[in-house]
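Working notes, structure below.
The values are calculated or read from the model by the stated rules, or taken from the named source; none is laboratory data. Since the model is a prediction, treat every value here as computed from it, not as a measurement. Because the Cβ atoms are built from the backbone with ideal geometry, glycine has one as well, and the counts that use them run over all protein chains shown. Accessible surface areas use protein heavy atoms only, side chains included; no ligands, DNA or RNA. Shrake-Rupley method; radii C 1.70, N 1.55, O 1.52, S 1.80 Å.
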Amino acid sequence: MKRTPIKEIFRNNETLINQTVLVKGWVKSLRKSKAFSFVVLNDGSCFQDLQIIVDDTAPNYEEISTSIAGTCMSIEGLIVESGGKQAIEMQGKKPEVIGKVAQDYPLQKKKTSLEFLRDIAHVRARTNTLSAVFRVRHHLAQATHKFFSDQGFYYIHTPLITASDAEGAGELFRVSTLDDKNPPKTEAGAVDYSKDYFGAETFLACTGQLEAESLALAMGSVYTFGPTFRSENSHTSRHLSEFWMVEPEVAFADLDDVADLGARYIQYMINYAFEHCPDELAFFEKQYAKDLSETLKHVASSEFKKITYTEAIDILLKSQKKFDFKVEWGVDLQTEHERFITEEHFKAPVIVTDYPKDIKAFYMKLNEDGKTVRAMDILVPGVGEIIGGSQREDDFETLKARIKSCGLEESDYDWYLDLRRFGGAPHSGFGLGFERAIMYITGMSNIRDVIAFPRFPGNAKF
Ligand code: 4AD
Ligand code: MG
């Protein structure tokens, strides 16, 4: 007999009544009484557990009834109506143990902290919380493809190995096959990367943007969605060393166009999550984030506020609030500033535009004032920056000058400059931190709990 995922059983509960089905999964809990036992089984296909009653006529009743949480079981039985919390349950006829569980299985106690679960990431997807997060993650990835594809965007794949530090932040992981104990040296005594595998110094990509620009300037609207690597030394609840970024890039679009695209994309994901993960969202609201659904529904149906960086600085200065980091025109907005603006001042997502050029990357389009660039960040309550994007500098000479003044080598960006010489066009794009979007929509407060195997400074286990 073929296994039926528990999700299918609840979805078709009426047609399956009095039918025999086979389920396979892991025991959440098991309560033994004299003549029968209650097995609560979960197979991860959905939020709900299936309650199964196994009576002592089963030949292996002793083995089944003494099994503990975590045991992997296969049970064939009859779906029947239930008087309990759920509409149906199973009368288990043929139970079998597929995989026994050792006594030191770490998930036997009901209550465990998220922190504790991070140390046992290899089994934490068995918990209600983490499996719910990962199902939402799946659906948001599907939503992403559907949202962009339905609007004519092409899904492209940008390289993960690159020779350029496109964000100019110097937070890159080196990719090298040189002998680290005895690397070849140049005459000046530096490591000679021209002898390295790729004939140049190479890194894991911190963005796919530059290559996405090249394809946008050939195919119109594209997006890349893949892993992104940053070696920033941030031990925060919002940073990972390996995270996933969604980067749309649109030819002939200006900053307002992509700011609007970003807002609609976030709203689309929220609606998609309500449609596809109602049980999960209800659970997160109950367990972790009071008012989650009310807040999200409001965001999904209202226009995002839009202010300039200069207005943001004014709001911060007028607030009279004591911040740890000094507020004055020209400083980068710190987390505390972003949170004040989105959580306390507007109590809603906010799009901040036109940042000072000195705190942003070289590729952003210079405004006429010569001081600011056509950049935008979307900030949301609880998370802060969720999207960062810009209109790209499309003027060859201005871009060349910016590369130089940012201390970058023009020769490293020759192909990127070519895009401004070979039929260039205005174009814009952004990057959305996929984990931050999951945090926002689930209400989970630590980014390490929304990716299965988080990488952060000091940790690459699993
Ligand atoms: O603002 P960022 O650095 O922008 C870029 O990389 C652009 N090249 C994107 C583009 O225009 N195509 O990063 C974009 C987003 C941030 O808003 C944030 O949500 C997320 O990526 N992000 C991180 N998420 C988790 N951990 C980190 N260390 C992150 N750094 C950035
Ligand atoms: Mg940013």
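Given the chain reduced to its alpha-carbon atoms as identical point scatterers, what log10 I(q)/I(0) does the Debye formula return at q = 0.09, 0.13, 0.14 Å⁻¹? Rounded to two decimals, the profile gives -0.72, -1.18, -1.30. In terms of its alpha-carbon gyration tensor, the range 310-462 comes out oblate; a/c meets the 1.5 threshold, while b/c is at least as large as a/b. Solvent exposure of Ser445, expressed as accessible area, is near 90 Å², computed with a probe of 1.4 Å over the protein chains only. For the set Tyr355, Tyr155, the ranking by accessible area, highest first and with no ligand, DNA or RNA atoms included, is Tyr155, Tyr355 under a 1.4 Å probe.
Keeping all protein chains in the complex and leaving out DNA, RNA and ligands, what accessible area do you get for Leu160 with a 1.4 Å probe, in Å² to the nearest 10? Using a 1.4 Å probe on the heavy atoms, I get roughly 70 Å².
If you wrap a convex hull around the C-alpha atoms of the range 9-108 and split its volume per residue, what is the figure in Å³? Walk me through the intermediate numbers first.
Values: hull volume 9.8 nm³, N = 100.
Taking the convex hull of the Cα positions in the range 9-108, it is 98 Å³ per residue.
Among the lysines, select those whose C-alpha is under 22 Å from the C-alpha of Lys404, and discard any that sit fewer than 8 residues away in the same chain. Result set, ordered by chain and number: Lys357, Lys360, Lys365, Lys371.
A Förster distance of 25 Å, applied to the separation of the beta-carbon atoms of Glu344 and Glu171, puts the FRET efficiency at 0.25. With all protein chains kept in place, the per residue accessible area of the range 83-176 amounts to 58 square angstrom at a probe of 1.4 angstrom.
What FRET efficiency comes out for Asn233 versus Ser82 if R0 is 56 angstrom and r is the Cβ-Cβ distance? Round to the nearest 0.05. Don't jump to the answer; show the numbers that get you there.
Numbers: r = 53 Å, r/R0 = 0.95.
Once the sixth-power term is evaluated, E becomes 0.60.
Enumerate by residue number the GluC sites (Glu not before Pro) in the range 305-402 meeting two conditions: DSSP loop (anything except H, G, I, E, B), and at most 15 other Cβ atoms within 10 Å of the site's Cβ.
Numbers: sites: Glu311, Glu328, Glu336, Glu338, Glu343, Glu344, Glu368, Glu385, Glu393, Glu397; in loops: Glu328, Glu368, Glu393.
Passing both the DSSP loop test and the Cβ count: Glu328, Glu368.
For the range 357-394, backbone nitrogen atoms closer than 17 Å to the point 7 Å from Phe325 Cα along Cα-to-C-beta are found at 357-361, 376-389.
Each of Arg421 and Asp358 was given a label point 7 Å from its Cα along the Cα-to-Cβ line. The distance between the two points is 3.2 nm. Between the helical axis of 209-219 and the dominant principal axis of the chain, each derived from Cα atoms, what acute angle in degrees is found, rounded to the nearest 10? Relative to the chain, helix 209-219 is tipped by roughly 90 degrees.
Taking 0.36 nm per residue of separation and subtracting the Cα-Cα distance, full extension of the segment from Ala125 to Ser405 would add 96.0 nm.
Of the heavy-atom accessible surface of the range 331-462 (probe 1.4 angstrom), what whole percent is carbon and sulfur?
Values: 2390 of 5030 Å².
Ligands and nucleic acids excluded, carbon and sulfur reach 47 percent.
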